[in-house]
1. What's the angle, to the nearest 10 degrees (0 to 90), between helix 30-49's Cα axis and the longest principal axis of the chain?
2. Could you do me a favour and compute the accessible area per residue for the chain, 1.4 Å probe, result in Å²?
3. Rounded to the nearest percent, how much of the accessible area of the chain (1.4 Å probe, protein heavy atoms only) is carbon and sulfur?
4. May I ask you to compute the full-extension gain from A84 to L97, defined as 0.36 nm times their residue separation minus their alpha-carbon distance, rounded to one decimal in nm?
5. For the stretch 120-260, what is the convex hull volume of its Cα atoms per residue in Å³?
6. Of K22/K240; K17/K69; K153/K246; K153/K231; K163/K243, which pairs sit farther than 20 Å apart, going by alpha carbon to alpha carbon?
7. Over the stretch 87-183, what lengths in whole Å, largest first, do the semi-axes of the equivalent ellipsoid take, defined as the square roots of 5 times the eigenvalues of the alpha-carbon gyration tensor?
8. Suppose the chain between W73 and L132 were pulled fully straight at 0.36 nm per residue; how much longer would it get relative to their current alpha carbon spacing?
Amino acid sequence: VIIDFYWGMELYPRIGKHFDIKVFTNCRFGMMSWAVLAVTYCIKQYEMNGRVADSMLVNTALMLIYVTKFFWWESGYWCTMDIAHDRAGFYICWGCLVWVPSIYTSPGMYLVNHPVNLGPQLALSILLAGILCIYINYDCDRQRQEFRRTNGKCSIWGKAPSKIVASYQTTNGETKSSLLLTSGWWGLSRHFHYVPEILSAFFWTVPALFDHFLPYFYVIFLTILLFDRAKRDDDRCSSKYGKYWKMYCNKVPCRVIPGIY
């Protein structure tokens, strides 16, 4: 009973015909409240100090760009583990309703009472590095989405994509096939998109500098979460694709960090 409550029992629960619980918790409430709280912290610092520090501006700008990227790419989110495989239990619903708004915005909350003046050069450098990471994270997902949409008939980095055609059996015994992308960003590691995501979080946290551990809790948590998710996804794909997944792992040996892990 406890496991069923924690992990959930239904994959796509609805209230009535149109209210999708996962869409509400994961996208509408979780992501929108993230953006609202980011702006709220900015306003609070202005109320307290009569100005907004450049560190807060960098933090807020990067978080708002990331949330905007999410909604721009939202249709691709339906293929992620959160939607396609994780059931709607306490783990997902409480996480998106409570944990995401409070913890994911915590660097901004820290900066309210601990403003840091970075100076124009450092502030701009952090901002541009963060934007680059957010773009790479978006481009990783865009490549895979385009690859799936065209059934592999697309261009990846100016040439035809490298791929593995994998077959698998569904729970009712049907044999189906799937394409595994092994070039572009996805040729660097099997979950390379987690690297720029973690770096994005680092760059909207680092404006707080290194006087306290607290603002970095989110980056550490996110790193553990995504590395665990990468392992869970690998285990699921290994069970699903069997020998084809071994072929894929031989071609793309690193799980997350190219050349390291």
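The values are calculated or read from the model by the stated rules, or taken from the named source; none is laboratory data. Everything numeric in this text was worked out from a predicted model, so none of it was measured. Neighbour counts run over all protein chains shown; Cβ positions are idealised from the backbone, glycine included. Ligands, DNA and RNA are stripped out before the accessible areas are found, and what is left, the full protein with its side chains, is counted by its heavy atoms. Shrake-Rupley method; radii C 1.70, N 1.55, O 1.52, S 1.80 Å.
1. That works out to roughly 10 degrees.
2. It amounts to 53 Å² per residue over the chain.
3. Carbon plus sulfur share of accessible area: 64 percent.
4. Details: separation 13, 0.36 × 13 = 4.68 nm, distance 1.90 nm.
Going from the current span to full extension adds 2.8 nm.
5. Convex hull of Cα atoms, per residue: 127 Å³.
6. K22/K240; K17/K69; K153/K246; K153/K231
7. 39, 25, 7
8. Residue separation times 0.36 nm, minus the Cα-Cα distance, leaves 19.6 nm.
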